[in-house]
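Everything on this sheet refers to the single structure shown next.
Readers should treat all values here as calculations from the given coordinates under stated rules, not as data from a laboratory. Because the structure is predicted, anything quoted here is derived from the model rather than measured. Positions of Cβ are backbone-derived with ideal geometry, glycine not excepted, and every protein chain shown enters the neighbour counts.
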Amino acid sequence: MNQSLNVTPAMPTDALPAIAPSLCVEHLCLQLAGRDILSDISFTLPETGIISLVGPSGAGKSTLLRCLNRLHEQWQGSITLADQNIQHDDADALRRKIGLIGQKPAVFPCSIGDNLVFGLNRQQRKQTTSAQIQTALMQAALWTEVEQRLHEPAAHLSLGQQQRLCLARALILKPSILLLDEPTSALDPRSRDIIEQSMLSLSQSMPLLWVSHDLEQAQRISSHIIFICDGKLIEQADADSFFRHPKRIESREFLRWSVCDC
């Protein structure tokens, strides 16, 4: 089959309660075409849990994810993973540690099995066991649906199954963190629920930073919330506090109207 600068950001009192500094962002700024896209973003992810990144359209949520795994390189500030500056890592190696799952599944024109191990190098593919393949597919809640179909084209899978295959492809690399950019927005309710339950289980052992425009989903799945608007971090808190007692007027407006004037 075919796959340093130490930072301890100064955090506001309502910051995410990190157990260990798995991912630290300090004073992140990004300009594109002379326009400020992200301005002075600082946060530390907790060691486990689903952290929902919410905000109005155009707030910079997806752009932030692309900075975190270096699809955007021209940012200023500091991003560290396990106390190591991510710019000191090879970009491909970094993306194995910080996996990114997009809104639309991207499967390759090959078999389900070959898609799964696509990100592994030749030596890793030779060493990959059937148990490792099964584990990755089980983590993505896909194993029972494809265990007898690994040699079939991945294009034969449904959209929801393809999205779960993309998750399994990221998980077989054993990432430290998963970034999810609205991974369920194009899926039917059943596929959405399967992915949510799978990610809730996975979040017990690693952090997942999940962009969602669905506030009901964010409230349902999140342990913590990061709210950004107009490229600025407005509020970060545990999910229950954010939805019940938001501290910022911008947050209250957003929760009430799904828009804000930042």
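Fewest first, what order do Val25, Val107 take by the number of other Cβ atoms within 10 Å? Walk me through the intermediate numbers first.
Details: Val25 24, Val107 19.
The order, fewest Cβ neighbours first, is Val107, Val25.
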- Note on the structure: In order over segment 61-77: 3J(HN,Hα) from phi, Karplus 6.51/-1.76/1.60, θ = phi - 60°, whole Hz, x for each Gly or Pro, gives 5, 5, 4, 4, 4, 5, 5, 5, 10, 6, 6, 9, 10, 8, 7, 10, x
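What GluC sites (Glu not before Pro) does segment 150-245 have in DSSP loop regions with at most 15 other beta carbons within 10 Å?
On the way: sites: Glu196, Glu216, Glu235; in loops: none.
In loop regions of segment 150-245 (DSSP not H, G, I, E or B), there are no sparsely surrounded GluC sites (Glu not before Pro).
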- Roughly how many whole Å is it from the C-alpha centroid of segment 64-85 to that of segment 132-193? 26
- Item | Cut-off under 5 Å, modelled amide H: who pairs with Leu180 long-range | Ile101, Leu209, Trp210, Val211
- Message: What lysines does Lys97 reach when the alpha-carbon gap must be under 17 Å and sequence neighbours fewer than 8 apart in one chain are set aside?
- Response: Lys174
- Message: Quick check for me: using +1 on Lys/Arg Cβ and -1 on Asp/Glu Cβ, what's the dipole size of segment 54-139 about its Cα centre, in debye to the nearest 20?
- Response: 200
- Note on the structure: For segment 27-36, Karplus-derived ³J(HN,Hα) couplings (6.51, -1.76, 1.60; θ = phi - 60°; whole Hz; x for glycine and proline) come out as 6, 6, 10, 9, 10, 10, 6, x, 10, 6
- Item | Which of Thr80, Phe242, Pro183, positive extreme of dipole for the chain (C-beta unit charges) | Pro183
